[in-house]
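Single-structure report; data block below.
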Amino acid sequence: MSLEEYAAKRNFDKTNEPAAEKSKNNKKQLLFVIHKHYASRLHFDLRLELDGVLKSWAVPKGPTVNPKEKKLAVMVEDHPLEYGDFEGVIPDGNYGAGQVYIWDRGTYHAYDTDDYDKSQEIFREGFNKGHLTFILEGNILKGEFALVRLKKASPKDWLFIKKNDEFASDADISIIKAQNEL
Ligand code: MN
C-alpha cells in the first residue's frame, strides 16, 4: 500500500486535502466512507480502510441497495486514512476540482468476522482474488455488499453489488443528499 500516486496527483500548497501520510486507526474498527464528489462529473467515491490507507473506487452512478443492480466501481489511488474526515472544495485547476461531501460513513468488517486484524487478512486475500464480501455499518448503507473485479476488462474495473438481505430494497438511494449538502 502506497500513497505515492495520491501525492503525485496533488499540490498540497493548493488543496486542503489531507497530506499523503499513513496513519494508524486506534479504534480497531475498519473505517469506510463514501464521498459525493461534484467533480467535472458527479460521482461517488467508495473508500475502505486496509493496512493504514483507504482503498478507493470511483462509482460513477453511485451506490445501490438493489441486488439486481450492479454498479461499476473504478479503482483509483489509495487515499490517506484522514481522508475519511475530508469535506470541502478542491480548488479549480487541481486534480478532482469541485465540492466533496461525506455522503455516508461508518465501519465495515469481513462477512465472517468483525475482528479488525482478521478482517484485513481476509481483505488482502480478497484483493488478490478480485472478490470481496463485507458488511457495511453506515447511516445509509448497511448489510452485506460485494466488490467483484471484472477480469476481462481493465484490472481497475470492479462491480459494487448489494447482497440480498434485510437491508436490500429497490429504493433509489442515490437521491439522498449528504448531511452538509444544501
Ligand atoms: Mn472523486
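What follows is calculated from the coordinates using simple rules that are stated; it is not laboratory data. Values in this document were obtained by computation on a predicted structure and should not be read as measured data. Using ideal geometry, Cβ is built from the backbone for each residue, glycine included, and neighbour counts are taken over all protein chains shown.
Data overview
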{"item": "Subset tally (residues that are surrounded by 15 or more Cβ atoms within 10 Å (Cβ to Cβ) and free of Cβ contacts under 8 Å to residues at least 60 places away in the same chain) for the stretch 116-126", "result": "2"}
{"item": "Filter result (within 15 Å of the ligand (Cβ to nearest atom) and not acidic (Asp, Glu)) within the stretch 81-90", "result": "Tyr83, Gly84, Phe86, Gly88, Val89, Ile90"}
{"item": "Check on Val89, under 19 Å from Arg41 (Cα atoms) and not in a helix (DSSP H, G or I)", "result": "yes"}
{"item": "Residue, farthest from the ligand (Cβ to nearest atom), within the stretch 60-80, restricted to residues that are in a strand (DSSP E or B) and surrounded by fewer than 22 Cβ atoms within 10 Å (Cβ to Cβ)", "result": "Lys70"}
{"item": "Test: residue in the stretch 91-105 that is of a type in the set (Asp, Glu), within 18 Å of the chain's Cα centre (by Cα), within 17 Å of Thr64 (Cα to Cα) and surrounded by 15 or more Cβ atoms within 10 Å (Cβ to Cβ)", "result": "yes"}
{"item": "Residues of the stretch 91-127 that turn out to be of a type in the set (D, E, K, R) and within 16 Å of the ligand (Cβ to nearest atom), as a count", "result": "3"}
{"item": "Residues satisfying the stated conditions in the stretch 4-19, i.e. part of a loop (DSSP other than H, G, I, E, B), within 16 Å of the ligand (Cβ to nearest atom) and not polar (S, T, N, Q)", "result": "Lys9, Arg10, Glu17, Pro18"}
{"item": "Pair list, Cβ < 7 Å and 6+ apart or interchain, from the stretch 1-27 residues that are closer than 22 Å to Tyr101 by Cβ to residues that are part of a loop (DSSP other than H, G, I, E, B) and of a type in the set (Phe, Trp, Tyr)", "result": "Lys9/Tyr95; Arg10/Tyr95; Glu17/Phe86; Pro18/Phe86; Ala19/Phe12"}
{"item": "Residues of the stretch 26-50 satisfying the condition of being away from the ligand (no atom under 16 Å from the Cβ) and surrounded by 14 or more Cβ atoms within 10 Å (Cβ to Cβ)", "result": "Gln29, Leu30, Leu31, Glu49, Leu50"}
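This table checks each residue for (1) surrounded by 12 or more Cβ atoms within 10 Å (Cβ to Cβ); (2) farther than 24 Å from His37 by Cβ.
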| site | (1), (2) |
| --- | --- |
| Glu144 | yes, yes |
| Val148 | yes, no |
| Asp157 | yes, no |
| Asp165 | yes, yes |
| Asp170 | no, yes |
| Ser174 | yes, no |
